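The structure appears right after this line, and notes come after that.
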Amino acid sequence: MANIIPFRAVRPRRDLAAKIAALPYDVYNREEARKIVENDEYTFLRIDRPETQFPEAYDMYAPEVYEKAREMLEEMIRDGLFVEDAKRAYYVYELVMNGRSQVGIGACASVDDYDRQIIKKHENTRADKEADRIRHVDVCSAQTGPIFLAYRRREAIEQEVKATMDKEPVYDFTANDQITHRLWVIDDEERVERIRQEFLKVDTIYIADGHHRCASAVRVSKKRRAKYPSYTGEEEFNYFLSVLFPDDQLMIMDYNRVVSSLNGYSQQEFIEKVKDIFQVKFMGSEPCKPQKKGEIGMYLRDGWYRLTVDSTEYTGNPVEDLDVAILQRKLLEPVLGIVDPKTDNRIDFVGGIRGIPELERRVHTDAVAAFAMYPTDIHELFAVSDAEQLMPPKSTWFEPKLRSGLLIHRIEQ
């Protein structure tokens, strides 16, 4: 039983939604974030990355940096740039990318469900990245970026979503990256209750994207529970901001690899090693973008190769059978010596949103080989989570990205 509740969102004034909404804080490095917020008084990235309001060399984790985030948020609310809904609601959130629509429900998910593994993860988090968001959420007393959750489709919920989308949205704008965002509010008490009861029938929910935001929200909740030992469980800090998508709505893009060294092998020696592991076909200048599981495109400076995984490599283990895991286990580690892809600086990761040309560019600039992967399927993600295992680093790239600042969940005691 998943306890997915409605909440009173703090959200942008209708005429400012397009100006305020921002890509997630972790999409940008520090320099990129600084350029984005320059001379922009509305973008929510100012609040999500408050170090941009300080001199360039300033300690981005200093207490006053997080305090600045709180001050800016409260100022925008006080000045009427944000409004708070009067009634608890669910929020239908549609994103359209290249003509493809993806629709989820904005709501709050239970910290206890996370602890009970009703809400399941598929990757570990880093303590330093957690610490930053813990302080941001705690000081602001608000969750500003939703966690991207997935669940197996329920027709009754979809009917409520479709009925809502027949009405005019409260937001409808296309961002600079050409992603269209639309938002509807469901605050009719009977409909809200129907949706909540349907979510109670959902056995398992999966974190698709936002593991660090989720872990941080849970840590803040536990911190506040310790501070207020008489808590009832109904307080807002017992829940975290989410947008939940049915499994048939989601698109996972490829997450590709580039390497800067062949570990001492010449290109021809390396190709011979690859032939010992995969079926190899030279494709020349024709880009090899994998069309099915078990295909990997490899680009070297003389052109493209199609690598095909031998069917005997599949073990039935949901992690070991991922294409990215097979590449790591059979080639990157034993041949190229890349034992830990999280820490080895000879490997880098390129999101599929950048396309095949980016892999070719990298090989002709700062890399010697690129590997184009077939996207991990959402049900592979479910299988890994259900087995209580973890995916290799950089296994999934979700597009389009949810915007920060469109829905804010305040967690004051």
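Numerical summary
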quantity	calculated
The lone exception for M72 - which of (1) touching a Lys or Arg at 6+ places or on another chain (Cβ under 7 Å); (2) among the hydrophobic types (A, V, I, L, M, F, W, C); (3) within 20 Å of G210 (Cα to Cα) it fails	(3)
Matching entry among V10, V92 (being at pLDDT 95 or above and out of contact with any Gly (no Cβ under 8 Å at 6 or more places or on another chain))	V10
Unique residue being surrounded by 21 or more Cβ atoms within 10 Å (Cβ to Cβ) and over 18 Å from L406 (Cα atoms) when the list is A33, A69	A33
Residue in the range 157-164 that is small (G, A, S), in the same structural domain as Y93 (by TED's automatic domain parsing) and modelled with pLDDT of 95 or more present	yes
Within the range 19-125, strands (runs of 3 or more DSSP E) holding 3 or more residues that are in contact (Cβ under 8 Å) with a residue 24 or more places away in the chain and under 30 Å from E198 (Cα atoms)	90-97, 100-110
Matching residues, the range 7-18, being assigned to a loop (DSSP other than H, G, I, E, B) and within 22 Å of the chain's Cα centre (by Cα)	A9
Members of the range 379-390 found to be surrounded by 22 or more Cβ atoms within 10 Å (Cβ to Cβ) and out of contact with any Lys or Arg (no Cβ under 8 Å at 6 or more places or on another chain), listed by number	L381, V384
Subset of the range 303-321 [assigned to a loop (DSSP other than H, G, I, E, B) and either more than 22 Å from Q389 (Cα to Cα) or among the hydroxyl-bearing types (S, T, Y) (or both)]	V309, D310, Y314, T315
Conditions (1) modelled with pLDDT under 95; (2) farther than 27 Å from D115 by Cβ; (3) surrounded by fewer than 16 Cβ atoms within 10 Å (Cβ to Cβ); number of the one not met by M253	(3)
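Residues checked against (1) in contact with a helix residue (DSSP H, G or I) (Cβ under 7 Å, 6 or more places away or on another chain); (2) among the hydroxyl-bearing types (S, T, Y); (3) surrounded by 15 or more Cβ atoms within 10 Å (Cβ to Cβ):
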residue: D132; (1), (2), (3): no, no, yes
residue: H136; (1), (2), (3): yes, no, yes
residue: A142; (1), (2), (3): yes, no, yes
residue: P146; (1), (2), (3): no, no, yes
residue: L149; (1), (2), (3): no, no, yes
residue: K167; (1), (2), (3): no, no, no
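Residue by residue, here is whether (1) free of Cβ contacts under 8 Å to residues at least 24 places away in the same chain; (2) part of a strand (DSSP E or B); (3) of a type in the set (K, R); (4) assigned by TED's automatic domain parsing to the domain that holds K342 holds:
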{"residue": "Q178", "(1), (2), (3), (4)": "no, no, no, no"}
{"residue": "H181", "(1), (2), (3), (4)": "no, yes, no, no"}
{"residue": "R191", "(1), (2), (3), (4)": "no, no, yes, no"}
{"residue": "V202", "(1), (2), (3), (4)": "no, no, no, no"}
{"residue": "I207", "(1), (2), (3), (4)": "no, yes, no, no"}
{"residue": "K223", "(1), (2), (3), (4)": "no, no, yes, no"}
{"residue": "A226", "(1), (2), (3), (4)": "yes, no, no, no"}
{"residue": "P229", "(1), (2), (3), (4)": "yes, no, no, no"}
{"residue": "N263", "(1), (2), (3), (4)": "no, no, no, yes"}
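The values are calculated or read from the model by the stated rules, or taken from the named source; none is laboratory data. Bear in mind the structure is a predicted one, so any value in this text is a computation, not a measurement. FYI the Cβ positions are ideal-geometry reconstructions off the backbone, even for glycines, and counts take in every protein chain you see.
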